[in-house]
Amino acid sequence: MRDRYDPLEIEPRWQERWKQANAFRLKGGRPKLYVLEMLPYPSGRIHMGHVRNYSIGDALARFRRMQGFDVLHPMGWDAFGLPAENAAIKQKTHPARWTWSNIAHMRSQLRRMGYSYDWDREVATCHAGYYRWQQSIFIRMFEKGLVYRKGGSVNYCPKDATVLANEQVVGGRCWRCGTGVEERDLEQWFVRITDYAERLLEGLDTLEGCWPDAIVTMQRNWIGKSVGCEIRFPLEASLDGQAEIAVFTTRPDTLFGVTSLSLAAEHPMALPLARQGGHEDDVRAFAQRARKAGAQAREAGEVPIEGVSTGAFARHPLTGERLPVYVASFVLMQYGTGAVMAVPAHDSRDFVLARTLGLPVKVVIQPPEGPLDPATMMDAYEGPGTMAASAGFDGLPSEEGKLAVIEELERQGKGRKAVRFRIRDWLISRQRFWGAPIPMLYCERCGIVPEREDRLPIILPEDVEFTGVGGSPLAQHPTFTKAECPRCSGPARRETDTMDTFVDSSWYFLRYLSPRYEKGPVDPGAAAALMPIDQYIGGAEHATGHLIYSRFFHRMLRDMGIVPANLPEEPFTRLVCQGMVCMFCGREGCGRVHAMSKSHGNLVEPDAIYEKYGADTARVFILFAGPTDKDIDWTDTGVEGAHRFLQRVWRYVGDNLEALKAAGPVDPTIAAATPARRALRRITHQTIRRVETDIERFQANTAISAIMELVNAMYAFSPADDGDRAVQREAVDVVVQALSPFAPHLADELFSQLGGEGFLIDRPWPRFDADAAREDLLEIPVQVNGKLRGRITAEREEGEDAIKARALGEPNVAAHLAGRPVKKVVYVPGKIVSIVV
């Protein structure tokens, strides 16, 4: 064994051994466990944020193997997307060349880190063998009415020249490039995710306690179920056969407080009503301003509350009162019906608009605190109360009043109980080249038709020129657009939009199960044996995107019979979200700490750490730096500290190697013969329990800390005879195996040097001995009349009478007993002494 710890010699050797032995394949004959980290985008190089994510998953995968599980732990590439296309424009090359080159480099980086991936299951979403089945799924969705094409207002990023789903607009800006998002009218492809809204919401109940609470809450809010009423307000003058405006409200109890109606700028009736009412120019200009601001900015309250009259009027459905119709900045077409009944007294936005436009304020809900006066109100009262000024409903509590008003509207045929969801159908078409082609055709005779299955995959052409102007290269390609209609065999035009990359990542975890399966997208036998994913690991930023889309996709594929129906609806049983790796920004003049990214110029690549310290050091540092779910700061001193710790372990084993190899097994009786042996065995077995518990809780930082404490105890232990050396060897074996999930190369090397054969992942996890782990001395609190007055230290085997006497004699306790007769002394063994006076 070398004197010096040399990771650059050790690590490649063990990586090659693992590879040659196919160490990370499924072995069969054990209970399965599917561990998965979110797959990366092949941007060119992995950074320490990736390392953190994958080290967390790898620690769990290795630990579970030692616990006897057959662990599936695959890796792949979310390989379509804009960066590849932008790089192709810049470098005058095909996105495929850039992408595959990046994949090759990043794969080599991940191999150097020693992650226990089964590389035979590797998947790349840009491979035709993958997206061929995605195109097949799309056709099935089209046939079942789950995907459709429609025109309408969409989010558009002018820089990336493509549309964005609602989930891809953050603060009114493009999630990828940060450019302000515009609204444009385009024909697009949508997925009916709203058909699954109720099931997606119900499924969250099963994830509570297994997913982070914040993620579950974010998804509940994003799906946004609202139970209320759809009310029809008749127009004073019908419009092209349209005689009413439909409104959705969750507060039918406030119906008698309506003083106007407000439409979204995008509402199809807004301009026609304004034209009829003589206000077309005003409404058109207002609508253009509102749409330019964007739906998200309007929803978030970042746009002033304003309105403009259409000149049209509607009638109250129950009173017949005349109500003016406005277009308002805060009303959104994608929520409810795109129209709201304005109740200024009981909705804050309606209140602001009413004060601005001089509209009346009618109080119809009186709060418990006392009556409201519209003339003196400074804001709307939105809470519950008692109905007032509401005809025959006066005196009803709000909740009771809601039901009563709905019943009356239904009786008169002017409204009905309704449920609405905040989540919108998923816009999946993109006007870009580097994505999975949408397998649809446009035939003048047959209309929109899907491609035949036997013609799949529709492959992206290689003879493409990337200029960055003029829209998608597919739309300009001379042969790609020309096709034969699969129904009439006449000429047809191929769809040139590609699928959103979030479609690619919505089912990749199912393709890992059998990546070369040729009978369908998913091997049903493999799915039945290996799904669901037992532990999923990734960033919280995917809460309302990928994590919702994947849950939807799994349900949909299950309903189609592509995934076995007896599987749970939820694909991810447990989820943990890691924090970010942060560092001072590298841009001049910033001086702040940011998450590592190219844009902030503060990336640290693992290659540099690997060359200087080795992969195990990088893994130990990144896991020791803080709790899994918290952000951590990158520090060079922290890396050096992790390396020193591994050197210390190496040195201890090397200095004691011959004695350790000669040591016999532990005899519990002999091991308990001296205080020193008992102390080392105690911390050894406490470490076993602490490490296994902390790994299961994703607290690798405290697990590594426990190993460090055991190493300190080993250095403090001075073996003098065979009994001592047996205890010493047991401690070393535990350190080596406990390190294996975090520093696997070092652990397997030390295991081998100590005479072990094979790999530690195939060895059972050390058996915990509760008797050995128990403390010899107990700290016991002492109460007097229920109040803590002192603490005593006692031997575990010390008798009850001796412990009671010690408690009565404790100085602070004795002071509280002075001159007071003791009625009773109760000792709960090992827990507490309670004295009653």
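The values are calculated or read from the model by the stated rules, or taken from the named source; none is laboratory data. All values derive from a computational prediction rather than experimental measurement. Positions of Cβ are generated from backbone atoms using ideal geometry, with glycine treated the same way; all protein chains shown enter the neighbour counts.
Out of Val711, Val732, report the one residue that is farther than 23 Å from Phe69 by Cβ and under 38 Å from the mean Cα position of the chain (by Cα).
Values: Val732 fails: under 38 Å from the mean Cα position of the chain (by Cα).
Criteria check complete, one pass: Val711.
If I go through the stretch 511-527 residue by residue, how many of them are within 17 Å of Arg25 (Cα to Cα) and not hydroxyl-bearing (Ser, Thr, Tyr)?
Residues meeting the conditions: 6.
If I filter the stretch 491-512 for residues that are surrounded by fewer than 18 Cβ atoms within 10 Å (Cβ to Cβ), part of a loop (DSSP other than H, G, I, E, B) and of a type outside the set (A, V, I, L, M), do I get at least one hit?
Step one: filter the stretch 491-512 for residues surrounded by fewer than 18 Cβ atoms within 10 Å (Cβ to Cβ), giving 491, 493.
Those still in the list that are part of a loop (DSSP other than H, G, I, E, B) too: none.
No; the residues of the stretch 491-512 include none that is surrounded by fewer than 18 Cβ atoms within 10 Å (Cβ to Cβ), part of a loop (DSSP other than H, G, I, E, B) and of a type outside the set (A, V, I, L, M).
Contact list please: Cβ distance under 9 Å, first residue in the stretch 178-193 and within 12 Å of Cys157 (Cβ to Cβ), second residue part of a loop (DSSP other than H, G, I, E, B) and hydroxyl-bearing (Ser, Thr, Tyr), pairs at least six apart or on different chains.
Going by the 9 Å Cβ cut-off, the qualifying pairs are Gly178/Ser599.
Inspect the stretch 166-183 for any residue being part of a helix (DSSP H, G or I) and charged (D, E, K, R) and give the result as yes or no.
Of all residues in the stretch 166-183, those part of a helix (DSSP H, G or I) come to 166-168.
Adding the requirement that they be charged (D, E, K, R) leaves 167.
Looking for residues that are part of a helix (DSSP H, G or I) and charged (D, E, K, R), one finds at least one in the stretch 166-183, hence yes.
Kindly indicate which of Gly758, Gly786, Gly790 is without any contact (Cβ under 8 Å) to a residue 24 or more places away in the chain, outside the structural domain of Met66 (by TED's automatic domain parsing) and touching a strand residue (DSSP E or B) at 6+ places or on another chain (Cβ under 8 Å). Write out each step before concluding.
Working: Gly758 fails: touching a strand residue (DSSP E or B) at 6+ places or on another chain (Cβ under 8 Å); Gly786 fails: without any contact (Cβ under 8 Å) to a residue 24 or more places away in the chain.
Answer to the check: Gly790.
Output the residues belonging to the stretch 611-654 that are surrounded by fewer than 16 Cβ atoms within 10 Å (Cβ to Cβ) and of a type in the set (Asp, Glu).
Glu611, Asp629, Asp631, Asp633, Asp636, Glu640
What residue, of Gly320, Gly401, Gly311, is small (Gly, Ala, Ser), assigned to a loop (DSSP other than H, G, I, E, B) and in the same structural domain as Glu280 (by TED's automatic domain parsing)?
Details: Gly401 fails: assigned to a loop (DSSP other than H, G, I, E, B); Gly311 fails: assigned to a loop (DSSP other than H, G, I, E, B).
After ruling out the rest, the residue left standing is Gly320.
Tell me the residue from Tyr115, Tyr156 that is part of a loop (DSSP other than H, G, I, E, B) and either at pLDDT 90 or above or farther than 28 Å from Ala738 by Cα (or both), please. Working first, answer last.
Numbers: Tyr156 fails: part of a loop (DSSP other than H, G, I, E, B).
The match here is Tyr115.
For Gly278, all conditions in the list (1) surrounded by fewer than 20 Cβ atoms within 10 Å (Cβ to Cβ); (2) over 22 Å from Lys414 (Cα atoms); (3) touching a Phe, Trp or Tyr at 6+ places or on another chain (Cβ under 7 Å) hold save one; what is the number of the exception?
(3)
So that you can scan it fast, the table gives a plain yes or no per residue for (1) out of contact with any helix residue (DSSP H, G or I) (no Cβ under 9 Å at 6 or more places or on another chain); (2) polar (S, T, N, Q); (3) part of a helix (DSSP H, G or I); (4) in contact (Cβ under 8 Å) with a residue 24 or more places away in the chain:
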| site | (1), (2), (3), (4) |
| --- | --- |
| Leu200 | no, no, yes, yes |
| Leu204 | no, no, yes, no |
| Gln219 | no, yes, yes, yes |
| Leu235 | no, no, no, yes |
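Which number in (1) of a type in the set (Ser, Thr, Tyr); (2) modelled with pLDDT of 95 or more; (3) at negative phi marks the one condition that Ser489 misses?
(3)
From (1) of a type outside the set (Ser, Thr, Tyr); (2) assigned by TED's automatic domain parsing to the domain that holds Arg511; (3) crowded, with 21+ Cβ neighbours inside 10 Å, pick out the condition that doesn't hold for Asn86.
(3)
I'd like the full set of residues that are of a type outside the set (D, E, K, R) and touching a Ser or Thr at 6+ places or on another chain (Cβ under 7 Å), limited to the stretch 506-541.
Ser506, Tyr508, Pro521, Ala526, Pro532, Ile533
Would you list the helices (runs of 4 or more DSSP H) that sit entirely within the stretch 756-831 and hold 2 or more residues that are touching a helix residue (DSSP H, G or I) at 6+ places or on another chain (Cβ under 9 Å) and under 25 Å from His685 (Cβ atoms)?
Working: elements: 770-773, 800-809, 811-817.
Passing ranges, in order: 770-773.
For the stretch 225-277, which positions are touching a Gly at 6+ places or on another chain (Cβ under 9 Å) and acidic (Asp, Glu)?
Glu230, Asp253, Glu266, listed by residue number.
For the subset of the stretch 5-21 comprising residues that are touching a residue at least 60 places away in the same chain (Cβ under 8 Å) and in a loop (DSSP other than H, G, I, E, B), which member is surrounded by the fewest Cβ atoms within 10 Å (Cβ to Cβ)?
Filtering first and then ranking leaves Ala21.
If you go through the stretch 46-94 one residue at a time, how many are under 25 Å from the mean Cα position of the chain (by Cα) and of a type in the set (Ser, Thr, Tyr)?
Summing the residues that are under 25 Å from the mean Cα position of the chain (by Cα) and of a type in the set (Ser, Thr, Tyr) in the stretch 46-94 gives 2.
Mind checking which residues of the stretch 655-688 are of a type in the set (D, E, K, R) and surrounded by 15 or more Cβ atoms within 10 Å (Cβ to Cβ)? Even if it seems obvious, please write down each step before you answer.
Within the stretch 655-688, the subset of a type in the set (D, E, K, R) is 655, 658, 661, 667, 677-678, 681-682.
Arg677, Arg678, Arg681, Arg682 - these are the residues of the stretch 655-688 that are of a type in the set (D, E, K, R) and surrounded by 15 or more Cβ atoms within 10 Å (Cβ to Cβ).
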